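The values are calculated or read from the model by the stated rules, or taken from the named source; none is laboratory data. Please read all numbers here as calculations on a predicted model, not as lab measurements. Every residue, glycine among them, receives a Cβ derived from its backbone with ideal geometry; neighbour counts consider all protein chains shown. For the accessible areas, the whole protein counts, side chains as well, though only heavy atoms, and no ligand, DNA or RNA atoms are used. Shrake-Rupley method; radii C 1.70, N 1.55, O 1.52, S 1.80 Å.
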Amino acid sequence: MTMRAPAAVFALAAVLASAGGADALPSLGPNVSVRQLGTGTTAIVQTLSGPPVAAIELWYRAPSTGFDAKPVPSLARLSAQVVAASKPLIGPSLGEIVRNSGGRLAISVYSDSIEIAAVVPATAARSVVKTITTAYFAPVLTDAGFKIAQRDVAEEALFESFNPETATRDAVFSALFAGGPQHFPALGPARELAAITFANVRAYATRAFRAQNAVLVVSGPITPSILSVAANGRSAESAMANAEQHSASEIVNAPQPVQRVFDEPSGGYGWIGPPIASEREATALDFIADYLFNNESGYVTRALVESNPDAFVVGQFITLHDPGVMFVAFSGKKIDAVRAKVDDGLALMRKPLGGAAFASALLAFQYHLLHDLQTPVEMADNFGWYAVEGNPEYAPGVNAASGKYFQAVRSLTPEFVASIAEKYLGKQAAIVTLQPAPKKPSEPK
Amino acid sequence: MNQSFARVALALAAALAMTGAAPAPKPAASPAETLRFPRAVVTDLGPMKMQAESDADARLGGVQIFFSAGLDRQTVAQNGVAALVAECIARTTVDGSALRDAIADRGGALQYTIDGRATRYYLEARSEDLPVLLALFARALAAPDFSTATLASARAALSNRVNDIEGNAISVGVQMFRRSYYEAGAGLPALGTTTSLAALGPSDAAAFYRAQYRRGGVGVSAVGRVTPEIASALRALGDALPEGTLAPVSAKARAIPENAPRIVARRDVGAPVIVVGFAAPSPGSKDFGAMLVLESLLSNSFERTSATTLGIVERSVGASYLYDGSPASLIVYVNGNRVDPTVVIRELLVVSKSLGSQPLSADSLRRFKTTAEGAFVTGAVTLSDRSYVLGTLGAQGLGPDAMNATLASIEHVGAADVRRVAKKYLQRYIVALVLPRSAAGGS
């Protein structure tokens, strides 16, 4: 662990515990400090030069559908929003603090994790670290906050219901996993959202939003001394003294095709991929997704720009604890033509690319990675995601070009990439078809 | 809904101090509490100058190259030619590939944007790769391909993007306002229209290129890790351009009449969208900081409370200070999918009048200055955004260290400045209504 500000580190002695020992914490690069706070929170602080903007993020490992046996889609999303909207007894809510600074606050929920992310002027960073940890280490929930959050999450769910990428991803995950939070959408239908009670939210927030279960990431022109203002949170009861474990995955061996009604013709594919621990294989699938579907230069993207300019396509390998998922979604008026272009691209990857094409693609891939790691919030997202999925040292933002991720990139060969495409994408995919409901005879064509 | 906006108006009325209120206190910020971008430096590149903010730990460089080939250089008959030229340049073959693909295949990206005052190209790559990519760009710039085939494919690509823009009601409303506010080319759509593009041929593109792409009409800004090699490549790029300077274009905007003209268009939208457009000071003006504070005030005061930040499609009301054109403008949009636009417009105009007649209270001034500063810095974080803002503000009178000059201009704003600027700019406006095709009324 490199100390960039030794004096500040001594000053932090009162709030930083040595529990776990420095050797238990990952090393994430010369400008990144990793600590364990007294209450058990893992804190990652990255000091950057550049614009006077800081990202402050809290990440939690917690199922989107709740901890009980009966899954409740939207529970995690609603609970996180209630905390942000609830005004504490003293002072403004987290949402107000961020808004009044001119910054932005976002909450994202994935199958097995939750992210609360603020982007603020660097001068507001200390205040936001204090407020976000106070709010989410010992949640205070109010009726007013609950009502505001219900309205906001219902509107978000409505918007997302028209998003072909979301609709396809939900269907793909539903087909690939027989149960667990992965089987259900993170944002459920309005009827299910309305059925979630204040008591449900309180119970969920109490268990999920604990200092012991949190990863705090701060990135920007700040120093590790910023951690001195982090709240301690609740003292750990025996049942909640540790971080939550990853949800067990219930994989479907032979996923069945899914057909659903949607506003515009759309489709998608999904395959079970390697876990985050299989670094080289996971990196190869990232490379494949970038080569085919990068939004500017992807092989499929370029083909569609000319032939089907109205088409939309997205493809990514979602790096998860175990297993990861390769996911492709597409839409367009001529959906069969779009699907054919996607299929062409996928078939191409199962044979080794030529040497020159591969070298060029690898160069482009590395640039795209760096392009996606240029702002404090992108760096914080990167550290937070890989930490909560259980392999922070594999984060692409770690240690610049000498980190584990970029080492894995440089180890790729055309033959290895083709073998990984065959190994994972050669299996039966979850195939999703979304199409508008057939018109009734009385409706105008 | 109506009641909530009435409450907003009351709250804003409370924010406006009574006449004779004490001036806002000067900020008591210590150096550690002061927002500052890395100090920009200027490098002479022969006939061009480069403003650069260098970040020691960045691994990428981003370069924005501004050609004086914006909308204000087009005639009405040339509608879309600036975009057509840029698209043809991006499609010009170098080393066997279209320039855009050649750059992508070497680990970089090329984009262009047509602004009111410039066509700007943005190149980004690892800093060590950027000089080679700039050399590729220079080759395409020196011999752009305006052949019939390239022009046809460029036209088709632009037409697709035009159709996308036409499907966005807020964009349509902003364009209607700009068309009404600016004279001649400055009010034309950035990419032209499908009809205007169809009328432009290779000779039109070549003529526009010959007239506007001159060494003396280029500005450069760079951010990220900016190396001497990048500066050298930019110097070579400038040297390869045709010699010559461009006469400045005089600002052309119509005076906004007192009777608040209304323009109506119909599109396939679910609900009405209203765009209210005001004149606004240019960035070099002493009123710039105060207008940024007003933008923040108008953008935030009418929106409903939400714990998380709302995206554009979720917002009911938003404001945007458009300083890419000269003179500049401020637009406020109201999304009829979210609120009753007639109520919001009424409140907006009441508030605009009040802002011109009463000063803000000290607390409100401090709050809106803080949000204005915050919005400015958080809106200029990516290399692309930061290089654009640095270059465009620097070219409009804010000097080489334009980002920090902007923050200083906000910091120096007093309540009297806000009132004066509101009185000067927010009392006359143009209303652009984008209505569903099936709605009754309108023209």
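Quick notes on this structure:
- Residue within the stretch A:81-100 that is closer than 30 Å to B:G224 by Cβ and within 14 Å of chain B (Cβ to nearest Cβ) present: yes
- In the stretch B:334-443, counting only helices (runs of 4 or more DSSP H) that sit wholly within it, the ones holding 2 or more residues that are buried (at least 23 other Cβ atoms within 10 Å of the Cβ) and modelled with pLDDT under 95 span B:341-357.
- Test set (1) facing chain B (nearest Cβ under 9 Å); (2) surrounded by fewer than 21 Cβ atoms within 10 Å (Cβ to Cβ); (3) not hydrophobic (A, V, I, L, M, F, W, C) - A:G103 fails condition number: (2)
- Subset of the stretch A:303-347 (residues that are part of a loop (DSSP other than H, G, I, E, B) and of a type outside the set (K, R)): A:N308, A:P309, A:D310, A:A311, A:T319, A:L320, A:H321, A:D322, A:P323, A:G324, A:G332
Quick grid of which residues meet (1) assigned to a helix (DSSP H, G or I); (2) over 28 Å from A:R169 (Cβ atoms); (3) modelled with pLDDT under 95:
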residue	(1), (2), (3)
A:L216	no, no, no
A:I226	yes, yes, no
A:N232	no, yes, yes
A:N253	no, no, yes
A:G270	no, no, no
A:A282	yes, no, no
A:Y291	yes, no, no
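- Residues within the stretch B:84-111 that are open to solvent by 10 Å² or more (accessible area, probe 1.4 Å) and either more than 13 Å from chain A (Cβ to nearest Cβ) or among the polar types (S, T, N, Q) (or both), tallied: 3
- Taking the criterion of being within 11 Å of chain B (Cβ to nearest Cβ) and among the small types (G, A, S), the residues of the stretch A:368-408 that qualify are A:G397, A:A400, A:A401.
- The stretch A:253-290, residues that are within 29 Å of A:N213 (Cβ to Cβ) and out of contact with any Pro (no Cβ under 8 Å at 6 or more places or on another chain): A:I276, A:A277, A:S278, A:E279, A:T283, A:D286
- For B:F67: the one exception among (1) within 14 Å of chain A (Cβ to nearest Cβ); (2) aromatic (F, W, Y); (3) buried (at least 24 other Cβ atoms within 10 Å of the Cβ): (1)
- Of everything in the stretch A:128-155 that is within 13 Å of chain B (Cβ to nearest Cβ), under 30 Å from B:T382 (Cα atoms) and in contact (Cβ under 8 Å) with a residue 40 or more places away in the chain, the residue that is surrounded by the fewest Cβ atoms within 10 Å (Cβ to Cβ) is A:A135.
- Picking from residues in the stretch B:375-399 that are away from every other protein chain (no Cβ under 13 Å) and within 28 Å of B:A416 (Cα to Cα), the one that is nearest to the chain's Cα centre (by Cα) is B:T392.
- Residues within the stretch B:214-239 that are touching a Pro at 6+ places or on another chain (Cβ under 7 Å) and either buried (at least 17 other Cβ atoms within 10 Å of the Cβ) or in the same structural domain as B:T392 (by TED's automatic domain parsing) (or both), tallied: 5
This table checks each residue for (1) open to solvent by 10 Å² or more (accessible area, probe 1.4 Å); (2) of a type outside the set (F, W, Y); (3) within 14 Å of chain B (Cβ to nearest Cβ); (4) over 13 Å from A:I226 (Cβ atoms).
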position	(1), (2), (3), (4)
A:T42	yes, yes, no, yes
A:V45	no, yes, no, no
A:R61	yes, yes, no, yes
A:S64	no, yes, no, yes
A:A69	yes, yes, no, yes
A:S74	no, yes, no, yes
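- The set of residues from the stretch B:34-67 being in contact with a Phe, Trp or Tyr (Cβ under 9 Å, 6 or more places away or on another chain) and either more than 21 Å from B:P400 (Cα to Cα) or not β-branched (V, I, T) (or both) comprises B:L35, B:E53, B:L60, B:G62, B:Q64, B:F66, B:F67.
- Selection count, the stretch B:158-179, where residues are surrounded by fewer than 18 Cβ atoms within 10 Å (Cβ to Cβ) and either in contact (Cβ under 8 Å) with a residue 24 or more places away in the chain or in a helix (DSSP H, G or I) (or both): 8
- Residues that are farther than 23 Å from A:S247 by Cα, hydroxyl-bearing (S, T, Y) and either crowded, with 20+ Cβ neighbours inside 10 Å or modelled with pLDDT under 95 (or both) within the stretch A:160-205 comprise just one, A:S161.
Yes or no, residue by residue, for (1) free of Cβ contacts under 8 Å to residues at least 60 places away in the same chain; (2) more than 14 Å from every other protein chain (Cβ to nearest Cβ); (3) open to solvent by 20 Å² or more (accessible area, probe 1.4 Å):
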residue	(1), (2), (3)
A:F287	no, no, no
A:G298	yes, no, no
A:E306	yes, no, yes
A:P309	yes, no, yes
A:V314	no, yes, yes
A:V325	no, yes, no
A:G332	no, no, no
A:K341	yes, yes, yes
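- Scanning the stretch B:119-135 for residues that are more than 13 Å from chain A (Cβ to nearest Cβ) and open to solvent by 10 Å² or more (accessible area, probe 1.4 Å) gives B:R120, B:P131, B:A135.
- The listed residue being in contact with a strand residue (DSSP E or B) (Cβ under 7 Å, 6 or more places away or on another chain), within 18 Å of A:I116 (Cα to Cα) and touching a residue at least 40 places away in the same chain (Cβ under 8 Å), out of A:G233, A:G268, A:G220: A:G220
- Criterion applied to B:V172, B:V162 was being in contact with a strand residue (DSSP E or B) (Cβ under 7 Å, 6 or more places away or on another chain) and under 27 Å from B:G318 (Cβ atoms), and the one residue passing it is B:V172.
- Test for A:R350: is it away from chain B (no Cβ under 14 Å), assigned to a loop (DSSP other than H, G, I, E, B), modelled with pLDDT of 95 or more and over 30 Å from A:N213 (Cα atoms): yes
- Filtered residues of the stretch B:299-320 (kept if surrounded by 23 or more Cβ atoms within 10 Å (Cβ to Cβ) and either away from every other protein chain (no Cβ under 14 Å) or under 30 Å from B:Q74 (Cβ atoms) (or both)): B:V317
- Single residue of A:S419, A:S360 found to be among the hydroxyl-bearing types (S, T, Y), touching a helix residue (DSSP H, G or I) at 6+ places or on another chain (Cβ under 6 Å) and either more than 30 Å from A:P63 (Cβ to Cβ) or open to solvent by 50 Å² or more (accessible area, probe 1.4 Å) (or both): A:S360
- Checked against (1) modelled with pLDDT of 95 or more; (2) touching a helix residue (DSSP H, G or I) at 6+ places or on another chain (Cβ under 8 Å); (3) not hydroxyl-bearing (S, T, Y), B:A152 meets all criteria but (2).
- The sole residue among B:A372, B:A362 that is of a type outside the set (D, E, K, R), out of contact with any strand residue (DSSP E or B) (no Cβ under 9 Å at 6 or more places or on another chain) and facing another protein chain (nearest Cβ under 10 Å) is B:A372.
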